[in-house]
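Have a look at the structure below, then the notes.
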Amino acid sequence: MTAGSAFRVAFPEDEAREAWLPLLLDAYAALDAGLAAAVAASGRRPACRAGCTACCRQPIPASSLEVLGLTWFVYRHSRGRRRRSVRRALATARESMDCPFLVEEACAAYAVRPLACREFVVFDRPCRPGEQPVISRPGDVLPLPAAAQRRAFWHMLPYYGLTDQAQREAALRARLVLRDTDILQGHDWSWLIHLLA
């Protein structure tokens, strides 16, 4: 059992069909395991909880693999009213700072939320609307566990065709995954809006 397996969500049928999906889910599990260890080591309890959406109202970076995961998830796992709500949120994403997957004050793709969402952990009290705790109270923001982020990126690199250790090490040094990011709110979602119709 790997360190991140307790944090690993599984979609066996889809993972068997989509070669990229296990890479993404393994990356998320690796990061989540590292974050859990960092939170435990801090001795503090995160203020983040269901219904707290302040962090969903700021620019959210995501790599092309993460965008693929978000697209897959809402296409395969949203139905009826939820699907219509996601379409509306995507249609107004460029006019708002709200995450395009923030629907009815909850994440419509929580199982595959991007690394940036997972990494943002705030202690003490929930963020106030519009607050930037990195500026207003940096001591209450969990420092990024860089080793966990590196492990997550390592799992993602085969998506870019990088499979041997030397290639992957070079890609980590070159910050390939970070360079392959787009802000979700500025992304062109027109094709996904059409798919969800």
Problem - Given charges at beta-carbon only (K, R positive; D, E negative), |dipole| of the range 24-162 in Debye - result: 500 debye
Handout entry: Additional length obtainable on full extension of the chain from S42 to A146, 0.36 nm per residue less Cα span
Key = 35.9 nm
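With r defined as the distance between the Cβ atoms of R81 and R128 and R0 fixed at 35 Å, what FRET efficiency is calculated, to the nearest 0.05?
That gives a FRET efficiency of 0.75.
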Completion exercise
Over the range 81-197, the quotient of the Cα radius of gyration and 2.2 N^0.38 Å is 1.27
Exercise for the section: Give the shape of the range 1-123 as rounded, prolate or oblate, defined through the alpha-carbon gyration tensor: a ≥ b ≥ c are the square roots of its eigenvalues, a/c under 1.5 means rounded, and otherwise the shape is prolate if a/b is larger than b/c and oblate if not. Expected result: oblate
Exercise for the section: Using the charge dipole of the range 5-195 (Lys, Arg: +1 at Cβ; Asp, Glu: -1 at Cβ; taken about the Cα centre), state which of I135, L31, A54 has its Cα farthest towards the positive end. Expected result: A54
Exercise for the section: Report relative contact order for the chain in percent, whole number only (criteria: Cα-Cα under 8 Å, sequence separation at least 6). Expected result: 33 percent
Exercise for the section: Pick out the long, greasy-scoring helices in the chain: whole DSSP H runs spanning 20 Å or more along their own axis by Cα, mean Kyte-Doolittle at least -1.0. Expected result: 20-42
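No value in this document is a laboratory result; all are computed from the given coordinates. Owing to the predicted nature of the structure, the values given are computational and were not obtained by experimental measurement. So basically every Cβ, Gly included, is an ideal-geometry build from the backbone, and we count neighbours across all protein chains shown.
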